[in-house]
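Below is one structure; the comments refer to it alone.
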Amino acid sequence: MQRYHDPSEDPLSATAHEQERQRIAAATEAFLAKGGQIEQVGHQMQATSPTFVINPTKTPAYSHLYVRPEDEPVRAKPAVKPNTTPAKPEVKAEAPAAEPKPAAPKRTDVVQELRELSIAARLMVQAALGASPGIAARAIGINEKQARQVARDFNIKFKRQR
């Protein structure tokens with residue numbers, strides 16, 4: 001920034017603009033007198049201005065999304081071999097023992113799952129009514145930490161958070 005104003009850098013005055021117009025008009029008349037022709041062309045002396053378009057198929061950030069399946073070779077995933085070795089050598093029994101039946105799901109697991117679904121449903125209702133997680137937890141009868149965990153598990157969004 002200059003300390004003092006320099007009037008030589010001021011924009012042109014009205015008389016200077018008029019002089020510039022007269023100079024351009026005289027140069028145009030001289031050009032036409034020599035036999036030149038004026039052809040009006042668009043922006044920056046081009047018939048059309050180039051449009052700026054991002055091509056997602058050629059942009060490195062997006063090109064991987066446009067790879068066709070036939071262009072990409074099909075490869076199977078390598079099989080993972082476990083790195084465990086048996087502690088004792090296998091002993092083959094002569095007579096196979098009766099195989100145990102697969103255990104039925106425990107009743108407590110089913111009850112627990114139903115209880116979680118019930119809590120989640122109640123939390124969804126409280127969230128739809130506009131309650132915060134703390135208020136919803138108190139209304140249901142659980143603590144706020146448990147309510148927040150259930151909300152995360154079941155993707156429940158509360159309008160008001162702390």
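The values are calculated or read from the model by the stated rules, or taken from the named source; none is laboratory data. Please read all numbers here as calculations on a predicted model, not as lab measurements. Glycine also receives a Cβ, built like all others from the backbone with ideal geometry; neighbour counts cover every protein chain displayed.
So which residues in region 145-160 are assigned to a helix (DSSP H, G or I) and within 19 Å of G130 (Cβ to Cβ)?
Step one: of region 145-160, the residues assigned to a helix (DSSP H, G or I) are 145-153.
Those that are assigned to a helix (DSSP H, G or I) and within 19 Å of G130 (Cβ to Cβ): A147, R148, V150, A151.
Does T48 satisfy the criteria of being exposed (fewer than 10 other Cβ atoms within 10 Å of the Cβ), among the hydroxyl-bearing types (S, T, Y) and at pLDDT 75 or above? No: the conditions fail for T48. Of the residues making up region 23-42, those that are exposed (fewer than 10 other Cβ atoms within 10 Å of the Cβ) and polar (S, T, N, Q) are Q37, Q40.
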